[in-house]
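The values are calculated or read from the model by the stated rules, or taken from the named source; none is laboratory data. The shown structure was predicted, so the numbers you read here are calculated from the model rather than taken from an experiment. Note: ideal-geometry Cβ built from the backbone for every residue, glycine included; neighbour counts use all protein chains shown. We work out accessible area using only protein heavy atoms, side chains counted, and drop any ligands, DNA or RNA first. Shrake-Rupley method; radii C 1.70, N 1.55, O 1.52, S 1.80 Å.
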Protein chains: 2
Amino acid sequence: MDFHSVYQRYRAQLEQVEYILHDRAASQQTVLAEASQQLLDAGGKRLRPLFALICGTTQQLHEDSDDRVSKLAAALELTHMATLVHDDVIDQAALRRGRPTVRSEYGNLAAMYTGDFLFARAIQLLAEVDNPEVHREMSLGMVRLCQGEIEQIRDFYNWDQSIKTYLRRIERKTALLIALSCALGARMSAASEQDISALRLFGHYTGMAFQIVDDILDFVGSQEVVGKPVGGDLRQGNLTLPALVAAQTPNVGRRLRGLIHEGMNQDDVLEAVSLVLDTQGLHVARSLAQRYLDKALTVLTRVSDERVQKELSVLTQFVAERSF
Amino acid sequence: MDFHSVYQRYRAQLEQVEYILHDRAASQQTVLAEASQQLLDAGGKRLRPLFALICGTTQQLHEDSDDRVSKLAAALELTHMATLVHDDVIDQAALRRGRPTVRSEYGNLAAMYTGDFLFARAIQLLAEVDNPEVHREMSLGMVRLCQGEIEQIRDFYNWDQSIKTYLRRIERKTALLIALSCALGARMSAASEQDISALRLFGHYTGMAFQIVDDILDFVGSQEVVGKPVGGDLRQGNLTLPALVAAQTPNVGRRLRGLIHEGMNQDDVLEAVSLVLDTQGLHVARSLAQRYLDKALTVLTRVSDERVQKELSVLTQFVAERSF
């Protein structure tokens, strides 16, 4: 089984999720509708929906469960999209996935309200999913997500942050929602508490690996592949694992700290990127991503359904190995 | 019965709501905790909670209904607060209720995430209220609220907007959440569908009257009383009913349009305020507020519980008559 055959197996349900996303992004309000539509059209891998759909098939007890799992999957993606739009306000980002961001096209205020709107649409879908436990877990997740987002502002340009701070930040920024996608998908299919708990942990480790890989790609990816220019994180003062490791390297650390500050120019950023590439930063990050990936695959063996095990393992390895 | 005796009757429950608000505004994240705490300390009339509490006592069927109505009331106030924080980002407002806004003290980005956080906290409370119908109505309300917020950006400085546009904007901005406070409070107490529907309409008319009164006070209130400087709406390009009526007045209209544009100075604003005061703007606004108030009181007679009728009528008249 390869990555594409997993996608293929869930094609019909992913199309249903896509339909729900487009349906819910609609608004009589033109700016909202256009901005939301543009976000949807920019694509993305729909990973969170896919995780929810796979985990939502561990057991199928209800006739309408497919429909409700699709709604949950769409709610997860909308929540993710809402955080992306608000992150772009923060990042002053002009491009995401190779396209202009809502912020650059419509302005910060419209981006803020587009995020709010998508967030409200996610809540609306959750209401239709109508599962109190799912609602409770999801709303707690949203609270923690917001806490994580504000932490990233505090950590911008802060070279004194520890790697632990970085890990806690990406846990809230990425791992949390992927863990929820797996756990809540499973919960919708009335999986056992053991399975739900193993899948939540699997999602957590997977999310950690994904974000570290993403942060690596920001140093080695090209605009054509990743859809945004290299060094973007440094440019916005977002200090990720490779940079934090590089900053602890003798001779390099001081120079790096001196380059990355508010008001730096594009040459400074490119020089900083090349400094980081000269250190063990990427190597350390790759090793840690691999360790999280290993943990994810190990915990997966505790899941009772073998097909779910297999599909998740294929998907996770494919995504995590993008940068290897 | 007067205004204060109504507040007095709900004092214990309002204190419980206040406790929940402080409890939920807490966060390990310092900026979020401080910003939220500051918003709470700034006070406010807690009108939405009070409406929900009053309407939540039409029938009391469940032993724990008090507790759940308080949670609903707190969720409504948190939603309101979230929109205030995001509005202040829009408004570039430095003061609200006589205190520095989150935006002016912590910056736009922190204000955006504080709003998101409060919004997520509201959703979390809704999950605990655990009433699918309440969740459904509330999430739809949130979607419409966001649509209303983005419309106000479009309408800034737009002298060609109709009074109908203004009314639709304040319906979403204010009347909607007050209508929900009444309807959902009633729903929590297992009121009849007739009562719920009458209370929703009552809340709608009341909210319309409140917002028009608020918009009047922006022209005639003083910073000491209202907590923000006079002419604030014009300063941010928010064209309210008195200004829109004034703009249709021969001789005044053209001058007014010439004064209010982006980049105007404080003298322009004060001159514009005095121009509006010379027209029928305030008179027309007062008449319309009175008409909404009359409609609210009329629809109230359809509510089966006389005590609820009486309390709501006292409360509504007190607030709506602030500017008369």
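What average number of partner chain Cβ atoms lie no more than 10 Å from the Cβ of the residues making up A:121-130?
Numbers: counts 5, 2, 13, 8, 1, 6, 11, 4, 0, 3.
Partner-chain Cβ atoms within 10 Å, mean over residues of A:121-130: 5.
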Plugging the Kirkwood radius over Cα pairs into Stokes-Einstein for segment A:179-252, at a temperature of 10 °C and a viscosity of 1.306 mPa s, what D comes out in µm²/s? 109 µm²/s
Divide the volume of the convex hull of the Cα atoms of segment B:222-324 by its number of residues and quote the answer in cubic angstrom per residue. 109 Å³
Solvent-accessible surface (1.4 angstrom probe) belonging to A:S197, in square angstrom, nearest 10: 60 Å²
For segment A:298-311, just list the computed ³J(HN,Hα) in residue order, Karplus coefficients 6.51, -1.76 and 1.60, θ = phi - 60°, integers in Hz, with x standing in for Gly and Pro. 5, 5, 4, 5, 7, 6, 6, 8, 5, 5, 4, 3, 4, 4
C-alpha long axis of helix A:65-91 to longest principal axis of chain A, angle in °: 20 degrees
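Roughly how big is the B-A contact, given as buried accessible area in Å² (both sides, 1.4 Å probe, nearest 100)? Provide the component values of the computation, followed by the final result.
Details: alone 14240 and 14260 Å², together 25010 Å².
The buried area between B and A, both sides summed, comes to about 3500 Å².
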Carbon plus sulfur, as percent of the 1.4 Å-probe accessible area of chain A, comes to 48 percent
Step through the residues of segment A:28-35 one at a time and calculate ³J(HN,Hα) from phi using the Karplus curve (6.51 cos²θ - 1.76 cosθ + 1.60, θ = phi - 60°), rounding each to whole Hz and writing x for Gly and Pro. 5, 7, 4, 4, 4, 4, 5, 5
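How shielded is B:135-143 by partner chains, expressed as the average number of their Cβ atoms within 10 Å of its Cβ atoms? Can you show the working numbers first?
Details: counts 8, 6, 1, 4, 9, 5, 2, 7, 11.
Average neighbour count from other chains, rounded to a whole number: 6.
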Cα axis of helix A:132-155 to longest principal axis of chain A: angle in degrees, 0 to 90, nearest 10? 10 degrees
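Please list the three semi-axes, largest first and in whole Å, of the ellipsoid equivalent to the protein assembly as shown, using sqrt of 5 times the eigenvalues of its alpha carbon gyration tensor.
Values: eigenvalues 407, 195, 86 Å².
Here the semi-axes work out to 45, 31, 21 Å.
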Give me the accessible area per residue for segment A:3-323, probe 1.4 Å, as a whole number in Å². 38 Å²
Using a 1.4 Å probe and ignoring any ligands, DNA or RNA, find the accessible area of B:C146 and quote it in Å² to the nearest 10. 10 Å²
Report, to two decimal places, the Cα Rg of chain B normalised by 2.2 N^0.38 Å (N = number of residues). 0.99
For each pair in A:K45/B:K173; A:K71/A:K310; A:K71/A:K295; A:K45/B:K71; A:K173/B:K164, compute the distance between the two Cα atoms and list the pairs where it is over 32 Å. A:K45/B:K173; A:K45/B:K71; A:K173/B:K164
Using helices alone, what [θ] at 222 nm do you get for the protein assembly as shown, with -39,500 (n - 2.57) per DSSP H run of 4 or more residues, divided over all residues and rounded to the nearest 500? -23500 deg cm²/dmol
